[in-house]
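Heads up: the structure comes next, in structure tokens.
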Amino acid sequence: MQTFDSRLVRAEQLTPTVRRLWFERAEGATLDFLPGQHARFVLPATKGAAEHAGAYSLCEPPRADGRYAICVKQQRAHGVAEALLQASPGALLQTVAPLGRFVLEAADSGPLVLVATGVGVAPFHAMLDQLRELAGRADIYLLLGARRPVELLFDPQWRALAAEGGGRFHYRPIVSRPQAEDAWQGAVGRVDALLGELPVTLGEARAYLCGHSPMVAQLRAELTRRGLPSARLHTDH
């Protein structure tokens, strides 16, 4: 693990509820990480509060300029999330990274099942280059849930990858609370309703699940019931 200061470079709105924050290491070094790993941002202890940390998946593939990014939900933000969202460009935040084993296996040859809700799709976006390469030889299924279509994070990128993936990258979005003005014509419901889109036989697949704990637990149980070995099922927590 490395501990260092991250300098906020810029912030941008991705959806009505999610901001992407771009950072660089304050001392100028490159951050080496594997797509799917996360960073911990630490609020130092003060007279009125103990040290507090929050973990965020790195949401962009490694870049030549050394910059890295995270996605932060704005709804009910508090603690570290609130501090990140209120920071101005140039602000320094203590960081521990890279962390985690939520990464694609070197020997993965598919099929791959990726399931996420909301901002949980962030680590999969960091894997974009890997997924593009893998889609040339294996079927990949991305099941992504959100409340409304506008909250389907990185939706244009997933649609583009599906269009260029030779039919082997299967993007299946679903929304749970579409509004009339959304004019949504896709699937409606929770992300688990999309499991019927998967191949009947999952024994040779590998699955990656990222989202809130109840969803992850439910999908883990269902995929295991469908024959996916537990050793081939990965979660972000």
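Here are some notes:
- Residue in region 30-49 that is part of a strand (DSSP E or B), surrounded by 15 or more Cβ atoms within 10 Å (Cβ to Cβ) and among the polar types (S, T, N, Q) present: no
- Only one of Ala138, Ala163, Ala221 that is surrounded by fewer than 21 Cβ atoms within 10 Å (Cβ to Cβ), assigned to a loop (DSSP other than H, G, I, E, B), more than 20 Å from the chain's Cα centre (by Cα) and not hydroxyl-bearing (Ser, Thr, Tyr): Ala138
Residue-wise test of (1) farther than 16 Å from Leu134 by Cβ; (2) out of contact with any Leu (no Cβ under 7 Å at 6 or more places or on another chain).
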residue: Leu153; (1), (2): yes, no
residue: Phe169; (1), (2): no, no
residue: Glu181; (1), (2): yes, yes
residue: Gln185; (1), (2): yes, yes
residue: Leu194; (1), (2): yes, no
residue: Tyr208; (1), (2): no, no
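- Within region 112-151, the set of residues being aliphatic (A, V, I, L, M), free of Cβ contacts under 8 Å to residues at least 40 places away in the same chain and touching a Gly at 6+ places or on another chain (Cβ under 9 Å) comprises Leu131, Leu134, Ala135, Ala138, Ile140, Ala146.
- Evaluated against (1) at pLDDT 95 or above; (2) in contact with a Lys or Arg (Cβ under 6 Å, 6 or more places away or on another chain); (3) surrounded by 17 or more Cβ atoms within 10 Å (Cβ to Cβ), Leu92 falls short on exactly one condition, (3).
The values are calculated or read from the model by the stated rules, or taken from the named source; none is laboratory data. Quick caveat: nothing in here was measured; it's all calculated off a predicted structure. Note that we place each Cβ from the backbone using ideal geometry, even for glycine, and neighbour counts take in every protein chain shown.
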